[in-house]
């Protein structure tokens with residue numbers, strides 16, 4: 001009798017992440033340095049998130065892209081505008097065809113979102129403002145909403161998202 005056990009075969013996970021990357025990033029602070037001075041009112045913060053997915057190759061490789069636009073305005077001017085397009089390459093194996101679309105537009109963005117959120121927080125901080133902390137996004141609700149509105153396949157549609165507004169002194 002032997003105490004050694006036979007090695008278990010490697011099991012391929014249904015979602016494999018090959019890469020995550022910034023496709024496009026821009027930050028505008030058009031009224032600097034005035035926008036960085038103490039403000040008499042709290043800024044209005046608007047955040048929109050859009051998700052898109054496309055097959056990259058004939059195999060099971062897909063690109064999923066989060067597009068996040070965040071703007072801060074007061075009653076008289078634009079304080080800042082941050083735009084991020086953040087992508088990921090995913091291999092999806094063993095996922096039934098009828099589940100592929102929801103996985104691409106719900107599960108894959110859920111994996112990418114914390115990284116994109118951190119980039120937006122850092123770029124607003126680096127722009128002279130307190131970090132903009134975007135609240136978690138319900139990608140399942142975005143998917144259901146876009147499915148009900150007849151959005152194009154491969155897109156979950158844009159949705160406004162709540163955020164924690166930066167405090168501008």
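Obtain the nm distance between the two label points defined at residue 25 and residue 147 by a simple spin-label model: each point lies 7 Å from its Cα along the Cα-to-C-beta direction.
3.4
Do me a favour and compute the ellipsoid semi-axes for segment 15-148 from its Cα gyration tensor, root of five times each eigenvalue, largest one first, whole Å.
Each semi-axis is √(5λ); the values are 34, 15, 10 Å.
Compute the length gained on full extension between residue 41 and residue 101: take 0.36 nm times their separation in residues and subtract their Cα-Cα distance, giving the result in nm to one decimal.
Stretched out fully, the residue 41 to residue 101 stretch lengthens by 17.3 nm.
Every number in this text was worked out from the coordinates using simple rules, so none of it is lab data. Since this is a predicted model, take the numbers as computed values, not measurements. So basically every Cβ, Gly included, is an ideal-geometry build from the backbone, and we count neighbours across all protein chains shown.
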